[in-house]
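One structure below.
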Amino acid sequence: MTNWRAVIAGFVVATVTAIFGIAVPGIGQLAAGIVGGFVAGFMAGGGIGSGAWHGLLAGSLGGILGGLILGVAVGLAGLTLGPGGGLISGAVGAGIFAVAVVVALIMALESAVAGAVGGMVNT
């Protein structure tokens, strides 16, 4: 069963760490995913499988929400160009969201590995 409190805590830790990680591009976001996944896995406990699952959820949640916010922002920005611009930017926003979801799921693998380690530590 999924421990949503652990997932949300891992997501919040990853988000806060990523905000501070902007100072070190690339490495800061990588560290954010690892730390957030570890926290989710550690809080959930239950071994490697449970930790990996919770780390994966925490890592992918941030990317999916970020992609959704970016896609909506691009869609709304296009409305300033009128109906045609809104239609075009809406399609672009949907494409951005789809790409962000795929990237988020791929990048969530690092969070899953860190979550597995966290789950293993808290057995």
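We did not get these values from a lab; they are worked out from the coordinates using the rules stated. From a predicted model like this one, the values you see are computed outputs, not experimental measurements. Ideal geometry is used to build each Cβ from the backbone, glycine not excepted, and the neighbour counts take in all protein chains shown.
Peptides 75-82, 2-9 ranked from most to least packed by the mean count of surrounding Cβ atoms within 10 Å: 2-9, 75-82. Across the stretch 89-102, rounded Karplus estimates of 3J(HN,Hα) from the backbone phi angles (6.51 cos²θ - 1.76 cosθ + 1.60, θ = phi - 60°) give 6, x, 5, 5, x, 5, x, 4, 4, 5, 5, 5, 5, 5 Hz, Gly and Pro being marked x.
Taking the beta-carbon count within 10 Å as an exposure proxy, list F38, F20, F11 from fewest neighbours to most. Let's see the in-between values first.
Values: F38 25, F20 11, F11 22.
Ascending Cβ contact count within 10 Å gives the list F20, F11, F38.
Here the Karplus relation 6.51 cos²θ - 1.76 cosθ + 1.60, evaluated at θ = phi - 60°, turns the backbone of the stretch 26-36 into coupling constants of x, 5, x, 6, 4, 5, 5, x, 5, 5, x Hz, with x for every Gly and Pro. Per residue of the chain, the DSSP helices (runs of n ≥ 4 H) give a summed -39500 (n - 2.57) that works out to -30500 deg cm²/dmol at 222 nm.
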